[in-house]
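Please treat every number below as a calculation from the coordinates, not as lab data. Because the structure is a prediction, the values reported are computed rather than measured. Every residue, glycine among them, receives a Cβ derived from its backbone with ideal geometry; neighbour counts consider all protein chains shown.
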């Protein structure tokens, strides 16, 4: 799978767990022709979702059509979980035995309201046996949000304050990666990898809704081979 237009996560999952993230060079993953090109890297058509920045999680192996959800899991081999992103953070999760995988679309709304926790609940098992990888998202140096976003995180967990930095009156820089690590650690998931991207600051590599408004999407995918 040597292709500069794809990112293959570096994390110590079993060989049966496969994952990749497309980049801008691969094309807009909403486009049918791009999706057809993507298929050559996958064992089956991805189980796409109708994403609404919520917390619903579906079993990709049992889902029909494109269910309204922002996360999916799979326990059967050959079932490809997928989300589309363009600043929101894709969170890939797998168990150490390679028996279950999942992916969550974690923008600030989903992250604040528990999409990671809901995905962990759906996967089940011992948290200490899970690994997570944080994919391309808007970075903490540029992701400015308003008071309402800060309040949403602090209402759920006051410790979130450490991942939020004041810039100007009523505005804050938000660290999605740090917040995700906090949420995962609170559930006992401590083997967390990735989290060193910035979609906004790398225009040649990533689409960014915050930067462009009208833009394509990257796909984050995970499956059991």
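Okay, here's what the table says:
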| item | result |
| --- | --- |
| Cα gyration tensor shape of the range 1-80, rounded if a/c is under 1.5, else prolate or oblate by comparing a/b with b/c | oblate |
| Prolate/oblate/rounded call for the range 142-225, Cα gyration tensor, a/c under 1.5 rounded | oblate |
| Distance histogram in 10 Å bins (all Cα pairs of the range 17-61, percent per bin) | 20, 50, 30, 0 |
| Cα centroid of the range 1-24 to Cα centroid of the range 105-179, whole Å | 23 |
| Solvent-free Debye scattering, log10 I(q)/I(0), computed from the Cα coordinates of the range 53-121 at q = 0.27 Å⁻¹ | -1.24 |
| Among 51, 182, 36: highest mean-square fluctuation, GNM of the chain, C-alpha pairs under 10 Å | 36 |
| Label-point separation, residue 30 to residue 66 (7 Å along Cα→Cβ), nm | 0.9 |
| Per residue convex hull volume, Cα atoms of the range 24-138, in Å³ | 104 |
| Spatial extent of the chain: Rg and Dmax, with the Cα atoms as the point set, Å | 16.4, 50 |
| Debye-sum result for the range 114-158 in log10 I(q)/I(0), which assumes one identical scatterer on each alpha carbon, at q = 0.23, 0.25, 0.34 Å⁻¹ | -1.01, -1.03, -1.13 |
| Gaussian network model of the chain, springs between alpha carbon atoms under 10 Å - residue of 68, 144, 126 with greatest fluctuation | 126 |
| Rounded, prolate or oblate (a/c below 1.5 giving rounded, otherwise prolate when a/b exceeds b/c) for the range 134-187 by Cα gyration tensor | oblate |
| Bridge type composition, the range 13-115 - antiparallel percent by DSSP, nearest 5 | 65 |
| Shape box of the range 91-205 [Cα atoms, principal axes, largest first, Å] | 47, 37, 18 |
